[in-house]
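The values are calculated or read from the model by the stated rules, or taken from the named source; none is laboratory data. Small disclaimer: the values here were computed from a predicted structure and weren't measured. Positions of Cβ are generated from backbone atoms using ideal geometry, with glycine treated the same way; all protein chains shown enter the neighbour counts. Note: accessible area is taken over every heavy atom of the protein model, side chains too, but ligands, DNA and RNA are not part of it. Shrake-Rupley method; radii C 1.70, N 1.55, O 1.52, S 1.80 Å.
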Amino acid sequence: MSQKVEDIKPSYPLFREQEYVDLLASKREQFEEVHSQEKIEEVFQWTTTEEYKELNFQRQALTVNPAKACQPLGAVLCSLGFEKTLPYVHGSQGCVAYFRTYFNRHFKEPVACVSDSMTEDAAVFGGQSNMKDGLENAKAMYKPEMIAVSTTCMAEVIGDDLNAFISNSKNEGHIPQEFPTPFAHTPSFVGSHTTGWDNMFEGIARYFTLNYMEDKEVGSNGKLNIVPGFETYLGNYRVIRRMMSDMGVSLSLLSDPSEVLDTPADGQYRMYEGGTTLDEIKDAPNAFNTIFLQPWQSDKSKKYVTNTWHHEVPKLSIPMGLEWTDEFLMKVSEITGQDIPEVLATERGRLVDMMTDSHTWLHGKKYALWGDPDFVMGMSKFLLELGAEPTHILANNANKRWKKAMDAILAESPYGNDCEVHIGKDLWHMRSLVFTNKPDFMIGNSYGKFIQRDTLHKGKEHEVPLIRIGFPIFDRHHLHRQTTLGYEGAMQILTTLVNAVLERLDDDTRGMQTTDYNYDLVR
């Protein structure tokens, strides 16, 4: 079964060759003890029914494909957004391997992150010694200017105190007293990756500003702070900077990993690249105000900024689509006194023109979507603006307040009348929903491809195509460089949506002399 050097094949189509077909059939027969194909098909068909959906939604003790990740993952992304910062996870080596590979697979970039490799002895006696050696070695080997510490389940279950452990490490000379080591407790068994991002940002802001507020004066530096939240579309960092530059607004983008996660291949490896400088976060209380682009995931940070920095954080929604981008830019103009320039007004007009051009194809199309609360809310709002109809909305890591706000948004539009909003549910619930009340498309991350495969297995007429927008996206390349925010992001989303509709129409009308009566060249 050796490959030929001149004709190396990947698993597909290699495993379709007869020798592999026979091998896999033999393995199945001798070792897997599987049910008959008829029984498997019978159970599959049952899981597509309304009866099974009712049972599925009664499920409590099991999560299948949760549509969220754990807190430390978010803490790592937040840490990567600061200049020459090394994310450090107090926990087991396997956890950090998961965080790194998760980001590797999404961004197609190496991700710097270390752990202090807690094992069985640390689980019994605590991880103090791991912390001392880990901080000392990480600083010596990787030469960061800041180490941002978070935790995993093991450290949280046994009750390790990061503040005490870091203080002891400094007092014993493992790292200098003045070396920046902000931290956040990020237990994986509560919250999600967005919670971890919020906790880490609050930890960094607290470390650099809590005890240094005496000489701070709101508005004295002439800047506006913008906090992106857990944001994996690198184009969004760039579009925010570009729009603020167009308005002449001096900006501090607090946590910006767009350079370290998108470094050029020019022969030079950069462990650290770009990011918010430590001087910027120290100076952040002197800004006019702080805007959170993803307010539903930023409760802890908003509270800190309001109470400690004394910023009147404006109540805004994520700037996705037309109306909410308008509101964002008008609020920036109000805070800073800078007018919205003609270049942005022109960009807005182009978006409106695109919406008009594509309206006939998107009007009435039904979508199921899932993801993080702010993203899902922004996407739903834009779908309603396009005349599309969300049918199933799922945000596993949202709360009841979010659901109430989401229901209110849907109620404001005739296109939201038939939509169901689900919180705390997973993608196995979503599978039941799309089988029992079929939408035209799904919008979500790569894990939705398994739902599309299952719907296709039931029959072509049941297939629900997946439009990949969200996080993570493992099975397509370079989508993480795109933009979803502002008018530019709305244009890219609109282009993706309408061309998915047209591609599906072409797919349905390719039959020569059967369905090709609508196989037109111009759409």
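What is the residue count in the range 388-417 for residues that are surrounded by fewer than 18 Cβ atoms within 10 Å (Cβ to Cβ), modelled with pLDDT of 95 or more and not hydrophobic (A, V, I, L, M, F, W, C)?
Here the count works out to 9.
From the residues in the range 310-348 that are aliphatic (A, V, I, L, M) and part of a loop (DSSP other than H, G, I, E, B), which one is farthest from Ala490 (Cα to Cα)? Don't jump to the end; show me each part of the working.
Filtering the range 310-348 for residues aliphatic (A, V, I, L, M) gives 313, 316, 318, 320, 322, 329-330, 332, 335, 340, 343-345.
Then keep just the ones that are part of a loop (DSSP other than H, G, I, E, B); that gives 313, 316, 318, 320, 322, 340.
Numbers: Val313: 25, Leu316: 17, Ile318: 12, Met320: 6, Leu322: 7, Ile340: 18 Å.
If we take residues in the range 310-348 being aliphatic (A, V, I, L, M) and part of a loop (DSSP other than H, G, I, E, B), then Val313 is farthest from Ala490 (Cα to Cα).
Quick grid of which residues meet (1) open to solvent by 30 Å² or more (accessible area, probe 1.4 Å); (2) within 25 Å of Gly173 (Cα to Cα); (3) assigned to a loop (DSSP other than H, G, I, E, B):
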residue	(1), (2), (3)
Glu41	yes, no, no
Glu51	yes, no, no
Val111	no, no, yes
Leu135	no, yes, no
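Can you tell me which residue among Ala97, Ala123, Ala61 is open to solvent by 10 Å² or more (accessible area, probe 1.4 Å) and assigned to a loop (DSSP other than H, G, I, E, B)? Steps first, answer last, please.
Details: Ala97 fails: assigned to a loop (DSSP other than H, G, I, E, B); Ala123 fails: assigned to a loop (DSSP other than H, G, I, E, B).
Only one candidate qualifies: Ala61.
Give the residue that is farthest from Glu54 (Cα to Cα), with candidates limited to residues of the range 382-406 that are in contact with a strand residue (DSSP E or B) (Cβ under 6 Å, 6 or more places away or on another chain) and of a type outside the set (A, V, I, L, M, F, W, C).
The residue in question is Glu389.
Quick grid of which residues meet (1) among the polar types (S, T, N, Q); (2) touching a helix residue (DSSP H, G or I) at 6+ places or on another chain (Cβ under 7 Å); (3) within 15 Å of Ile240 (Cβ to Cβ):
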site	(1), (2), (3)
Glu273	no, no, no
Thr276	yes, no, yes
Pro285	no, yes, no
Lys303	no, no, no
Glu347	no, yes, yes
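Give me a count of the residues in the range 232-253 that are in contact with a Phe, Trp or Tyr (Cβ under 7 Å, 6 or more places away or on another chain) and farther than 17 Å from Phe328 by Cα.
Narrowing the range 232-253 to residues in contact with a Phe, Trp or Tyr (Cβ under 7 Å, 6 or more places away or on another chain): 232, 253.
Now drop any that are not farther than 17 Å from Phe328 by Cα, which leaves 232.
So the count comes out to 1.
Of the residues that make up the range 275-283, is at least one assigned to a strand (DSSP E or B) and of a type in the set (Val, Ile, Thr)?
yes
Within the range 163-183, is there a residue that is under 18 Å from Pro257 (Cα atoms), open to solvent by less than 40 Å² (accessible area, probe 1.4 Å), in contact (Cβ under 8 Å) with a residue 24 or more places away in the chain and not in a helix (DSSP H, G or I)?
Yes - at least one qualifying residue is present in the range 163-183.
Select from the range 1-28 the residues that are open to solvent by less than 80 Å² (accessible area, probe 1.4 Å) and in a helix (DSSP H, G or I) and list them in ascending order.
Scanning the range 1-28 gives Ser11, Pro13, Leu14, Glu19, Tyr20, Val21, Ala25, Ser26.
Could you count how many residues in the range 77-96 are more than 18 Å from Ile473 (Cα to Cα) and modelled with pLDDT of 95 or more?
Here is the first cut: in the range 77-96, the ones more than 18 Å from Ile473 (Cα to Cα) are 78-96.
Next, from what is left, pick out any that are modelled with pLDDT of 95 or more: 78-90.
Residues that pass the stated criteria total 13.
Could you tell me whether the range 439-461 includes any residue that is of a type outside the set (S, T, N, Q), more than 30 Å from Gln58 (Cβ to Cβ), in a helix (DSSP H, G or I) and under 26 Å from the mean Cα position of the chain (by Cα)?
To start, the set of residues in the range 439-461 that are of a type outside the set (S, T, N, Q) comprises 439-444, 447-451, 453-454, 456-461.
Going one step further and asking which of them are more than 30 Å from Gln58 (Cβ to Cβ), we end up with 460.
Filter once more, keeping what is in a helix (DSSP H, G or I): 460.
From what's left, under 26 Å from the mean Cα position of the chain (by Cα): none.
No, the conditions are met nowhere in the range 439-461.
In the range 189-236, how many residues are in a helix (DSSP H, G or I), crowded, with 18+ Cβ neighbours inside 10 Å and either β-branched (Val, Ile, Thr) or under 26 Å from the mean Cα position of the chain (by Cα) (or both)? Talk me through it step by step, then tell me what you get.
Looking only at the range 189-236, we keep the residues that are in a helix (DSSP H, G or I), and these are 193-209, 234-236.
Next cut, crowded, with 18+ Cβ neighbours inside 10 Å only: 193-205, 207-209, 234-236.
So of that shortlist, the ones also either β-branched (Val, Ile, Thr) or under 26 Å from the mean Cα position of the chain (by Cα) (or both) come out as 193-205, 207, 209, 234-236.
Here the count works out to 18.
Residues are listed down the side, and each one gets a yes or a no for (1) open to solvent by 20 Å² or more (accessible area, probe 1.4 Å); (2) over 30 Å from Pro264 (Cα atoms):
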| residue | (1), (2) |
| --- | --- |
| Glu420 | yes, yes |
| Arg453 | yes, yes |
| His478 | yes, no |
| Arg481 | yes, no |
| Ile493 | no, no |
